[in-house]
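**Q** Next up is a structure, given as structure tokens.
Each reported figure results from applying straightforward, stated rules to the coordinates on display, with no laboratory input. These figures come from a predicted structure and were not determined experimentally. Here the Cβ is made from the backbone with ideal geometry for all residues, glycine too, and neighbour counts use every protein chain on show.
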Amino acid sequence: MMAWPTMICGALLVLVGIVGYGTSEVQPPPVTALIPAFFGAALVLCGALAFNDKIRKHVMHLAAMIGLLGALGGFMPLVRQISKTGEFDPTKKSAISGELMILVCVVFVGLCVNSFIQARKARKARESAEASGAPAV
């Protein structure tokens, strides 16, 4: 069940956003520094909703899509830095936030894909057991 890993990844992204906003090099901090927190809050909500068996499948597919978009969105501060300066400094705070967002989201999407594969295998095994007349596991 992916509800807890979803909530943990979401909490990590909220933390990245809050720390990024609080330690921003620009004063006042731009709202864009909170983008990881927004993605994280969406994942925490999806994780909480995933405890409901009736909507789990749909919510987890939504969470995987949010994770994929988050991984792609994490590249924006990196691209913005290169387009403004022509150089890339991976230690700049906005770059670190983007890098952490990419890392958390890619790991989360990998966990989702693995979970989806395992769920499909379990469903097929259950269906073949039912078709052969064997007792369901």
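**Q** Of the options LEU43, ALA63, GLY133, report the single residue whose Cα projects farthest towards the positive end of the charge dipole of the chain (beta-carbon charges: Lys, Arg +1; Asp, Glu -1).
**A** Looking along the dipole axis, the top candidate is GLY133.
**Q** Right, next: Taking the Cα centroid of the stretch 1-31 and of the stretch 44-88, what is the distance between the two, rounded to the nearest whole Å?
**A** Going from one Cα centre to the other spans 12 Å.
**Q** For the stretch 81-93, just list the computed ³J(HN,Hα) in residue order, Karplus coefficients 6.51, -1.76 and 1.60, θ = phi - 60°, integers in Hz, with x standing in for Gly and Pro.
**A** Residue by residue, the stretch 81-93 yields 5, 5, 5, 7, 10, x, 10, 10, 10, x, 9, 5, 4 Hz.
**Q** Starting from 0.36 nm per residue, how many nanometres of slack lie between LYS124 and ASN52 once their C-alpha separation is accounted for?
**A** Stretched fully, the LYS124-ASN52 segment lengthens by 23.7 nm.
**Q** Quickly work out the THR23-to-ILE82 label distance, labels modelled 7 Å from Cα along the C-beta direction, and quote it in nm with one decimal.
**A** Going by the 7 Å Cα→Cβ label model, 2.4 nm.
**Q** Another question, then. Assuming 0.890 mPa s and 25 °C, estimate D for the chain with Stokes-Einstein, Rh taken as the Kirkwood radius over Cα pairs, in µm²/s.
**A** 150
**Q** Something else: Taking the Cβ-Cβ separation of LEU15 and LEU72 as r and a Förster radius of 22 Å, what is the calculated FRET efficiency to the nearest 0.05?
**A** Efficiency for this residue pair is about 0.60.
**Q** From the helices alone, meaning DSSP H stretches of at least four residues, give me the mean residue ellipticity at 222 nm for the chain, per-run term -39500 (n - 2.57), in deg cm²/dmol to the nearest 500.
**A** Taking each H run of at least 4 residues, the total per residue is -25500 deg cm²/dmol.
**Q** Show me 104-113, 72-81 ranked by packing, highest mean number of other Cβ atoms within 10 Å first.
**A** Ranked from most to least packed, the peptides come out as 104-113, 72-81.
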